[in-house]
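The block underneath contains the structure these notes are about, expressed in structure tokens.
Derivation of every value follows stated rules applied to the coordinates shown; laboratory data play no part. Predicted, not measured: the structure shown is a model, and the values here were computed from it. So basically every Cβ, Gly included, is an ideal-geometry build from the backbone, and we count neighbours across all protein chains shown.
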Amino acid sequence: MRTTRLLLRSGLTLAAAAALPAWFAGPSAALSGISVSTIGTTVSVVTSACTQSNGSWGNASLLNSGQTAFAQGRQAALAGTTVSQSAAWSGVSPGTYTVVVVCSNGGTAGTQSVIVSSAPAAPTTSSTTRTAVPAPARGVMGGLGGAARDYGPLTLGIGSALVGSGVIASGWYLRKRSKPYRL
């Protein structure tokens, strides 16, 4: 009976610890639902997070490093189907950009940074000619959670809950092991 109560109490504590970060994240905590890619000087974004409203899926904006508001960037309307929506910008100059997608209902589908490098030089027939490719201006975009993908507060909250429950379970196990054996 005592073991059953202890296990039930531990299970409720772990469930509460797992639900707490999701509760703090609130209803706006959506996973970053965009995927950004570059080919030469073309930047494209794909999402499946938007729904069509009044004939529009939403808009995407390409912001350079000096721009902070959605309206300041180069905007493109999303086009596609219920499965996938996309937008693209061509002739983008080299640099670091942020792509923001806002659905037609006003919600943000996601934000992601991307580095556009200069277009590769055309191949030559001479084997002695080399073309220097400049390094990215900001280097590696490292940080919390990975390179350049924004996982959102819900994913980080769930990960934190898993780590926290592991710490609690480890402490409980070590505490049980430190008590002397009694018959």
Order the peptides 92-105, 156-169 from the highest to the lowest mean number of other Cβ atoms within 10 Å of their residues. 92-105, 156-169
Note down the nm distance, to one decimal, between modelled labels 7 Å out along Cα→Cβ at Leu156 and at Leu174. 2.7 nm
Separation between Cα centres of the stretch 151-182 and the stretch 69-87, rounded to whole Å: 42 Å
Space enclosed by the convex hull of the alpha-carbon atoms of the stretch 55-107, per residue, Å³: 87 Å³
